[in-house]
Amino acid sequence: MSGGGPRGRSADHASEGSRQGLVRALAAMLPWNLVQEIRDGQARLDRAENRLDPIEKRIDGVEARLDAFGEANSALAGRQDLVESTLRTLQELLESINSVRLLAVDQRVDRVEAELAQTTDEVGRLRDAVMPAAEGRWDVLFERLAFELEETASLVERMLVSEPLPVPKSDQSERDLADGLAKIQPLLVEAFRGSEAEIGFRLGNTLPLFEGHEPVVDLGCGRGELLLLLREAGVEARGIESDDALVQGAIRRGLNVDHADVLDALRALDEGSVGAFTAFHLFEHFSGALLPAVLDQCRRVLRPGGILVAECPNPHNLRVGASLFWQDPTHVRPLLPETLSLFLKASGFKVDHLEYLHPFPEEQCFRLGEDSKVDSVIGGRIDRLEARLDELLHGPRDFRLVAVKQPHLKK
């Protein structure tokens, strides 16, 4: 085994040569029999050494395999260290998740449960308290509106069958009230009509309506905001106004305005001499008998295909019909678009267009563009309730009707 490597085998060959030399020297000195035995022993030794060579080769192979195994064992030990390091990192990560992230998840779940409980309480309050009260108020309002519609329908039916309308005669108190209101009319215009810039902005989108319908006559032109816009657009126009202070202000601006009562001014105009009439926030100041008379005169003065553009407060908006409308003491009664349409048809007009205008600001609405986040059934009812309330309370404040003169029909 001492000659396992190449150096060991070279040493064995050297000793082999020494032995053979020693054997030959002893053979020359010893008797023949002893020499023969020595030679036989030498032959056996040679055969034994020949048998040792394969063994040594196999031992060399075993040593090489042991060396390779040692290297593999070292590599395996390195991988084992890496696996242990990875396991330690995973354990630390799991401990972090358990100690921090799961706590955060628990806190979020607690907040969601608290918000859900709060939402459930709010839904219960709406269901048990708010919705029944709102439904009661709706019933009262709807009954009032139904009564007003019945009264208006009765007046229209009488007008259609040429039955005289029950118009009460004015007494001295009403005339005194009219005289008192005339003194504060400029203040009313400033308070409730709006600034000139605001009115000019609102009326600006009406200019395309008057293309090909000149001249234009603005009934109740007030300060002349529409007349200024028409003059800038190159449209021939004039105004009729019963308030002397407003008329003088418009004339100082170089506007063509007549100081006269609307009905008297219309009767003085020639038949078929006007292309378009405008009446912005005028008809709600008329009594039931005055309105059809004014509409009949408008139709007479308009040429065929002429138009009448009227704008009034929208009573379908309950804030307007039940409250804001009555801020102006010169208002007589709210005029529904359906009612005004019937008056126009009775006077020989065809209603060409109805438009609702000027809703309340969005920040005043119940809904701010987001749907309810609660249960789908209850949330849907709440959404519909809020939408209906916004429509009744925060919807368009005004409406505009565009009517066209129809050919005269025989009664």
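The values are calculated or read from the model by the stated rules, or taken from the named source; none is laboratory data. This structure is a prediction, so every number in the text was calculated from the model and none was measured. We place every Cβ from the backbone using ideal geometry, glycine too, and count neighbours over all the protein chains shown.
Observations
- In region 333-350, the residues that are touching a strand residue (DSSP E or B) at 6+ places or on another chain (Cβ under 9 Å) and surrounded by fewer than 18 Cβ atoms within 10 Å (Cβ to Cβ): Ser341, Lys345, Lys350
- Listing of helices (runs of 4 or more DSSP H) fully contained in region 144-261 that carry 1 or more residues being among the aliphatic types (A, V, I, L, M), at pLDDT below 80 and surrounded by 18 or more Cβ atoms within 10 Å (Cβ to Cβ): 196-203
- In region 374-411, the residues that are β-branched (Val, Ile, Thr) and at pLDDT 90 or above: Val402, Val404
- The lone exception for Thr278 - which of (1) free of Cβ contacts under 8 Å to residues at least 60 places away in the same chain; (2) hydroxyl-bearing (Ser, Thr, Tyr); (3) surrounded by 16 or more Cβ atoms within 10 Å (Cβ to Cβ) it fails: (1)
- So Val309, is it of a type in the set (Val, Ile, Thr) and more than 40 Å from the chain's Cα centre (by Cα): no
Results for (1) in contact (Cβ under 8 Å) with a residue 60 or more places away in the chain; (2) more than 27 Å from Val217 (Cβ to Cβ), shown as yes or no for each residue.
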{"position": "Trp326", "(1), (2)": "no, yes"}
{"position": "Val332", "(1), (2)": "no, no"}
{"position": "Pro337", "(1), (2)": "yes, no"}
{"position": "Phe343", "(1), (2)": "yes, no"}
{"position": "Tyr356", "(1), (2)": "no, no"}
{"position": "Gln364", "(1), (2)": "no, yes"}
{"position": "Ile378", "(1), (2)": "yes, yes"}
{"position": "Leu393", "(1), (2)": "yes, yes"}
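- Region 248-297, residues that are touching an Asp or Glu at 6+ places or on another chain (Cβ under 7 Å) and within 21 Å of Gly212 (Cα to Cα): Gly275, Thr278, Phe280
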